[in-house]
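**Q** Can you keep this structure in mind? I'll have questions shortly.
Here, each number is a calculation from the coordinates, and none is a lab measurement. Bear in mind the structure is a predicted one, so any value in this text is a computation, not a measurement. Neighbour counts run over all protein chains shown; Cβ positions are idealised from the backbone, glycine included.
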Amino acid sequence: MNNIYIEHNPFLIETIFNINGQVPAGGFTLNKCLGKRIQFWIETFFSELQNLFNGEGDFDLTFKGVESDWMDITEAAELEKKSGMNIQLKWIPVKETDVRLADVKKLMIEARLDSTFNKYLDSDIELSKKFDDAFNNDFDVYVVATMSSGKSTLLNAMLGKDLFPAANEATTATIAQITDNKKLGKNYTGQSYDINDDELNINNNLSLELMKEWNFDKGINKIKIEGNITAISERDNVRLVLTDTPGPNNSQDARHELTTMSYIQDSARNPLILYVLNATQLGTNDDKNLLGLIAEKMKEGGKQSKDRFIFVINKMDNFDPENGECVSSAINNTKTYLSNNGIDTPTVYPISALLSRLLRLPPEVLSRKERRDKNALEELFLEESSMNLQDYMPLNSKIKTALENRNLEQSELRSGVPAIESMIDEHINKYSFPDRLTRAYGSLKHLIDKGLCKAEMEERLECEEQDLDTVKQEIDQLKEKQEKGFNTKSHQEKVQREGKELPDEVQDMLTALEINVSKKINEYSLEFEGDVAPRIAKSKLMSVVEELSFYNKKIINEYEVAFLNSQTAIKTELQIEYKKHVEALFSDSKNLQLPTLEGLKDTIESISLNLDVTDEDIAIREIVTGTKTVSNSTWYKPWTYFSEREEDIVEDEEYINLDSLWEKHKVSITGSFNELVNSARDKIENDKLILIDKYLKFLDSEFSSKFDALIKELVNLVSDADLRKKAIEDAKIEIIKINEFEKKLDSVLKL
């Protein structure tokens, strides 16, 4: 049996492999996993390991890491055991993520209060922003569903209060965002906003009646609510933000659907999506489009891309085993339906949101009918073993333990809703906390590096007198360059003249998008052949219009990602350009090996460029607000011919040639998508030029003044022995303090 050792640090994203007591060679296949979270590679790990050992499948694996990663290894191993592998597992536990996060948060507060670190935070806008962002505790969960799925009932159950209108009709017309706030007790506060994010209304005791009024007010685009989401655990380091999205067939304008789709397409933040299905009514067109989009995203990024979609089958209370209605069959039908929509081996979670809501609402607010329904459903779920919905869910031991610790009544547990809530808690532990730790660690490391760079430069002034004389000479040369402009003007002119090509990865992304658009349009041409009745032609064309409208919104969101990627890539290239410029300033210094000047160069390089395209830079942010895919207002109708010959009776039949119809509308469709493509490229190019312009302005103003200040400070230190002595002593103390702080930070994140 082969011995495998894996040590995985999800905070630093570091992995150690050891096979049969040896560290694998550089060409080891699985070394590609070293810089990725375990969820990106664990699903194929054992099969790749088996290939490495020429088909041998006996492994004794020891894993050192956090529990959530251990659970994923266990799940992957169990699947491979079914195919014949012999896998023995052992886990070496480490300190869990929530404890580490609390420790890092203390260090961040310590840094904020420390004068040494705070002066760097105050002088660096970008670093200060990243630092504050690391404190952001919000964790997003988006609830997505089509009409009549019982989504509002589920939300009311999770809140323990009726705030969302629930009926057998479209009920969500705006985007509602609920932020967990345990301090508010039983009260919920609310604000409504228009399309420009201007506040319209505020209420400190939100009610169902007011929510109905706001929900159908066409002037209201978004509702923000704060209150106690009772079923979600209270945490010091996370705040749940639950967003209720309008169904794709039920929103006041196209932007709402665009927003809902963007949550699904967001592979950068990977927010959790609760997709609610109606167990009694599967197969709407809206489901088809959205599920196709979800299937695409689930295939992109390993296990995390799958874990972030939770498929909730609601209305399981509509099935009665006494009448021969089988819960298992309903669940299998849903799995088949999802599978047919491209979601491979889907995991589904059956629930009765109605039962959970009735059990959680205070008895005095229930109507007579609701009290009867509550009693009947409670009896059904307790007496019928097949109605224990938790039995159908693939819950790991950690979630089962969490459910046991909640001490809930059996009827509520059997409704399935508590399991969904515990899964949200587990998702936070598994993905949100490590991501937050990584962000916090990165900002603290940046702060440490910046402090050390400056302090070490000053410490290096403790040198022989002749070395100080050399430093003085080099400073005089730099001052001379400063007076002549450091060739900054010529560098600016060069950047402006040559411009910046879009990075290859952005070009590739744009090209792929444009090829896909063309491919999608051409696919439909195969469906438009032959002659059919006008009614069929109209139906066929309207179906294409609907699908292309959805595809149009999908492309808009993908272009938004391309915008962000292009900004990041251009900023990176400009940072490299800036470092080259700084190197050039020092290139003809004869004594660059002097630590003091090397430290000065590093300090200059660490000046933040603070490059970003903001709303102030661009007058119009959205390139397309709706869709303009096709026009179907004019229809082809052939002339009718009547025969005057008495012996022949001919009935005329209207028909439409599909080939001609498609060719006619293809021009409009292609033109519309081309307009989108051109607008997107123009925006990306414009944003690129704005960034370059900001860089040139930075060189013209901030760089010169900051460089001047550093040179002046260094001149004073070199010239004044007492000042230099104090600076060196202070620098030594700072270096010791910063190094000790860094050790504390590293110890928090080490396994």
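**Q** Using modelled amide H (1.01 Å from N, peptide plane; none on Pro or chain starts), what sits under 5 Å from the amide H of ASP60, excluding residues fewer than 5 places away?
**A** Residues meeting the criterion, in which the H sits 1.01 Å from N, are ASN2, ASN3, ILE4, GLN88.
**Q** How charged is the neighbourhood of CYS33? Take every other residue with its Cβ under 14 Å from the Cβ of CYS33, and add Lys/Arg as +1 and Asp/Glu as -1.
**A** -2
**Q** Ratio to report: Rg/Rh of the range 319-456, with Cα atoms as the point set and Rh obtained by the Kirkwood method; give two decimals. Numbers along the way, then the final one.
**A** Values: Rg = 22.2 Å, Rh = 18.3 Å.
That ratio equals 1.21.
**Q** Also, quick follow-up: How much length, in nm to one decimal, is gained on full extension between LYS119 and LEU200, taken as 0.36 nm per residue of separation minus their Cα-Cα distance?
**A** 25.2 nm
**Q** Using the 10 angstrom Cβ neighbour count as an exposure proxy, how do MET108, MET147 rank, fewest first?
**A** The fewest-first ordering by Cβ neighbours comes to MET147, MET108.
**Q** With a 10 Å radius around each residue's Cβ, average the other Cβ atoms per peptide and rank 426-436, 333-343, 5-15, highest first.
**A** 426-436, 5-15, 333-343
**Q** Can you order the peptides 549-562, 256-269, 712-725 by their average number of other Cβ atoms within 10 Å per residue, highest first?
**A** 549-562, 256-269, 712-725
**Q** Principal axes first, then extents: for the Cα atoms of the range 288-370, list largest minus smallest coordinate on each axis, whole Å, largest first.
**A** Sorted largest first, the three principal extents are 49, 31, 21 Å.
**Q** How high is the FRET efficiency from LYS737 to GLU96, r the C-beta distance, R0 25 Å, rounded to 0.05?
**A** Numbers: r = 29 Å, r/R0 = 1.17.
So the FRET efficiency works out to roughly 0.30.
**Q** Please say if the range 138-431 is rounded, prolate or oblate, where rounded means a/c under 1.5 for a ≥ b ≥ c the square roots of the C-alpha gyration tensor eigenvalues, and otherwise the choice is prolate for a/b larger than b/c and oblate otherwise?
**A** Rounded is the answer for the range 138-431, as its axis ratio a/c remains below 1.5.
**Q** If you don't mind, there's one more thing I want to ask. What distance in nm separates the simple spin-label points at LYS218 and SER329, each placed 7 Å from Cα in the Cβ direction?
**A** 4.6 nm
**Q** Still on this structure, I have one more. Counting only residues 5 or more places away or on other chains, whose amide H sits under 5 Å from the amide H of ALA176 once H atoms are built in the peptide plane?
**A** ILE223, ASP244
**Q** Rounded to the nearest 5, what % of the DSSP beta bridges within the range 2-94 are antiparallel ones?
**A** Just about 35 percent of them are antiparallel.
**Q** When the convex hull of the Cα atoms of the range 2-94 is projected onto a plane and the area is averaged over all directions, what value comes out in nm²? Walk me through the numbers before you get to the answer.
**A** On the way: hull surface 21.7 nm².
For the range 2-94, averaging the hull's shadow over all directions gives 5.4 nm².
**Q** If you don't mind, another one. Restricting to DSSP loop positions (anything but H, G, I, E, B) with no more than 10 other Cβ atoms inside 10 Å of their own Cβ, which GluC sites (Glu not before Pro) remain in the range 85-126?
**A** On the way: sites: GLU96, GLU110, GLU126; in loops: GLU96.
Listed in order of number, the matching sites amount to none.
**Q** Moving on. Residue by residue through the range 146-162, what is 3J(HN,Hα) from phi via Karplus (6.51 cos²θ - 1.76 cosθ + 1.60, θ = phi - 60°)? Round to whole Hz and write x for glycine and proline.
**A** 9, 4, 6, 8, x, 4, 5, 5, 5, 4, 5, 5, 5, 7, x, 7, 7
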